[in-house]
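Take a look at the structure below.
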Amino acid sequence: MLAAMQRMAEVKDTPASARDAVYLTRKLDQIRNVLEEIDLTRRLHAKRGNRLPSGVEELSSREWQIMRDLVVFPRVGAIAERRNLSAHTVQNHLKAIFRKLEVHSTAELLSLLLADK
C-alpha cells in the first residue's frame, strides 16, 4: 500500500508535460503496432493473389505481435526478451501461428510474410 501511495505521489509531482509525453509515446506505439499489422495483412493478401490465406483471421493479437517481431528479430530468445515472455511461451505462439497459417517452419512463415507476389 505504501509503495502504491509513493508511486501516486511521484506521478502527481511529475510535470504535466512529462505525463503527456509518456501518454503520447504509448499512443504512438499503439498506432505503430496497428500500422505494422496492416502492412503484414497487406503482404499476406498480395502474396495469395488478393485473398488472405486461411487462418489469418484466427490469429490472436499476441500472435500478430510475435509474427511482426519475427520479421525483425528472427530468434525466439530476442522476441521473448522484447515481449518479456519466456522462450517457451514464444515457441508456443509460433506453433499456433504455424498451425493456423499452415506453414511448417520459421523459414516458410518468413517467406510467406516477406516475399512479393
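The values are calculated or read from the model by the stated rules, or taken from the named source; none is laboratory data. Since the structure is predicted, the reported quantities are computational estimates derived from the model, not experimental observations. Heads up, the Cβs are rebuilt from the backbone with ideal geometry, glycines too, and the neighbour counts pull from every protein chain shown. Please note that ligands, DNA and RNA were not included when accessible areas were found on the heavy atoms of the full protein model with its side chains. Shrake-Rupley method; radii C 1.70, N 1.55, O 1.52, S 1.80 Å.
Confirm whether Glu102 is surrounded by fewer than 16 Cβ atoms within 10 Å (Cβ to Cβ), among the acidic types (Asp, Glu), modelled with pLDDT of 85 or more and within 15 Å of the chain's Cα centre (by Cα).
On the way: surrounded by fewer than 16 Cβ atoms within 10 Å (Cβ to Cβ): yes; among the acidic types (Asp, Glu): yes; modelled with pLDDT of 85 or more: yes; within 15 Å of the chain's Cα centre (by Cα): no.
Against the criterion (surrounded by fewer than 16 Cβ atoms within 10 Å (Cβ to Cβ), among the acidic types (Asp, Glu), modelled with pLDDT of 85 or more and within 15 Å of the chain's Cα centre (by Cα)), Glu102 does not qualify.
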Considering only region 105-117, state which residues are open to solvent by less than 40 Å² (accessible area, probe 1.4 Å) and not in a helix (DSSP H, G or I).
Ala115
First in region 63-91 and farther than 17 Å from Ala107 by Cα, second anywhere and part of a helix (DSSP H, G or I) and of a type in the set (S, T, N, Q), Cβ under 8 Å, 6 or more apart:
Gln65/Asn33; Ala80/Thr89; Arg83/Gln65
Helices (runs of 4 or more DSSP H) contained entirely in region 1-97, each with at least 2 residues that are within 14 Å of the chain's Cα centre (by Cα), surrounded by 10 or more Cβ atoms within 10 Å (Cβ to Cβ) and at pLDDT 65 or above
16-47, 61-72, 76-83
